[in-house]
Amino acid sequence: MKNMKLLAGILVFGSLWGFSEVIIGSGLKDSGLPSGAIMTGIFAMMFLVFSRLLYRQPGMQLGMGLVAGGLRWFNPFVGCHICSAFAIVGEALIFELIWYKVKDMELLKTMTLQSSMGVISSYGVYVGGYIITQILTPLSVGRFSFSNLLVLIPQIFASGLLAALLGACIVPLAVATASLNISVHDRLYYPATIGISALCWCIVIITWFTAGA
Amino acid sequence: MFMGKDKLIPILAMVVLLIGIVFTAYVHAMQAGHATDDEYLLTINGQTYSINQIFAEGEPCTITTDDGEKTGIALDQLIVLAGVECPSCHTYTIKALYPHPYQQTVAWSTLQTGILTYDGDYNARVYFPNLAHAFWVYNVEEIEVT
């Protein structure tokens with residue numbers, strides 16, 4: 001039963017993350033805003049930290065990344081959807097590595113610690129995801145050149161600053177939200193998680209067909 | 001003696017912010033130092049051409065991408081115009097310097113599928129119909145032949 005709850009959690013949070021990347025991320029990119037840093041600093045960090053504190057299950061966030069990356073992969077909106085899918089999965093992986101030891105609120109007991117974890121996590125997740133996608137995307141067509149990655153490193157490390165600053169604000173918010181201990185009865189839990197996930201996938205698929213028409 | 005996590009984590013966060021600030025300053029300094037000529041110039045295999053010259057000499061063609069139809073000069077035609085001998089013996093690195101350095105390397109077989117477009121507003125961009133958008137380098141300044 002616990003595993004089923006976890007799977008439903010992975011599905012719903014992964015879908016919400018993927019949905020925000022596809023719909024909101026594409027909108028931000030169209031507006032000329034730094035969508036990558038904003039999406040990581042706000043949405044990814046909120047979903048990742050909140051779900052980690054709610055379920056306290058290492059490995060769950062990697063599953064969420066696979067669901068969100070899958071949603072992005074199957075939805076070729078503006079921008080590089082393959083690159084974004086790789087970046088999302090990479091971000092989830094880096095988050096798991098950074099938060100490997102964080103199982104409770106011990107490391108997040110003060111606002112300073114929460115903001116600091118926000119800075120470290122958000123910057124690490126953004127920069128790591130960016131680098132991973134710059135390696136995997138060329139590799140997916142069989143040609144990766146280290147020098148191509150090297151020239152981009154200053155830009156990657158610079159653009160992570162915005163994600164870090166956003167993470168410093170979002171992680172305390174995610175911790176405060178998780179501290180509310182909101183519980184959903186089993187009778188509502190599964191219909192709610194599956195319903196929200198289905199809604200996210202339906203909206204993305206409908207938008208895809210509408211955009212393609 | 002080891003420092004407690006209560007102190008270590010904020011210090012690490014400050015180091016991370018410092019790294020971000022230093023790289024941001026560096027990137028902005030590089031952007032400020034990037035001069036743009038009146039005419040858009042493109043270097044192919046060490047030789048510099050104006051974009052108008054390229055589009056005057058090349059035959060425009062249209063390709064279909066997942067971002068719609070794009071019209072420009074075929075990249076393989078550019079390489080031939082630039083006088084590269086044995087084009088299939090080389091790899092091609094498409095480079096941009098502004099707003100930040102970026103480059104992608106492709107083989108001749110891939111280059112043959114791509115085109116160079118110019119929007120007339122100081123932005124020349126390459127498109128490859130079968131490659132991820134990460135390969136659609138914009139503000140192209142050089143095609144290096146290696």
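Laboratory data are not the source of any read-out in this text; all were calculated from the coordinates shown. All of these numbers come straight from a predicted model, not from anything done at the bench. Note: ideal-geometry Cβ built from the backbone for every residue, glycine included; neighbour counts use all protein chains shown.
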Self-check item: Principal axis box of the protein assembly as shown, alpha-carbon based, largest edge first, Å
Solution: 70, 53, 34
Quiz item: How many angstrom lie between the C-alpha centres of segment A:115-171 and segment B:12-88?
Solution: 23 Å
Quiz item: Ranked highest first by the average count of other Cβ atoms within 10 Å around their residues, in what order do B:58-67, A:118-127, A:37-46 fall?
Solution: A:118-127, A:37-46, B:58-67
Exercise. Please determine, in degrees from 0 to 90 and to the nearest 10, the orientation of helix B:5-32 with respect to the longest principal axis defined by the Cα atoms of chain B, where the helix direction is its Cα long axis.
Key: 30 degrees
Exercise. Take each uninterrupted DSSP H stretch in chain A, measure its Cα extent along the helix axis, and return the ones at 18 Å or beyond whose mean Kyte-Doolittle hydropathy is at least 1.6.
Key: A:81-98, A:146-179
Practice problem: Compute the Cα gyration tensor for segment B:41-145, then decide on rounded, prolate or oblate, letting a ≥ b ≥ c be the square roots of its eigenvalues: rounded whenever a/c is under 1.5, prolate when a/b is larger than b/c in the other cases, and oblate in all that remain. | Solution: rounded
Self-check item: By average C-beta atoms within 10 angstrom, highest first, the peptides B:125-132, A:176-183
Solution: B:125-132, A:176-183
Exercise. Determine the distance separating the Cα centre of segment A:179-200 from the Cα centre of segment B:124-146; give it in Å without decimals.
Key: 45 Å
Quiz item: Karplus couplings for segment A:32-43 from phi (6.51 cos²θ - 1.76 cosθ + 1.60, θ = phi - 60°), rounded to Hz, Gly and Pro as x?
Solution: x, 8, x, 4, x, 5, 5, 5, 5, x, 9, 6
Self-check item: 222 nm mean residue ellipticity, helices alone, for chain A (DSSP H n ≥ 4; -39,500 (n - 2.57); rounded to 500)
Solution: -25500 deg cm²/dmol
Quiz item: Where is the GNM fluctuation largest for chain A (alpha-carbon springs, 10 angstrom cutoff): A:Ile88, A:Ile170, A:Ile24?
Solution: A:Ile24
Quiz item: Rounded to the nearest 500 deg cm²/dmol, what is the calculated helix-only ellipticity per residue at 222 nm for chain B, with -39500 (n - 2.57) per DSSP H run of length n ≥ 4?
Solution: -9500 deg cm²/dmol
Self-check item: Total charge dipole magnitude, chain A, about the Cα centre, Cβ charges on Lys, Arg, Asp, Glu only, Debye to nearest 20
Solution: 300 debye
Quiz item: Based on the mean of other beta carbon atoms within 10 Å per residue, what is the order of A:58-71, B:79-92, most packed first?
Solution: A:58-71, B:79-92
Quiz item: Tell me, which cysteines of chain B are without a disulfide-compatible partner by the Cβ under 4.7 Å rule?
Solution: B:Cys61
Quiz item: In peptide A:108-118, what is the residue-averaged number of other protein chain Cβ atoms found within 10 Å of each Cβ?
Solution: 3
Quiz item: Going down the list A:Lys109/B:Lys7; A:Lys109/B:Lys5; A:Lys29/B:Lys70, which pairs span over 18 Å between their C-alpha atoms?
Solution: A:Lys29/B:Lys70
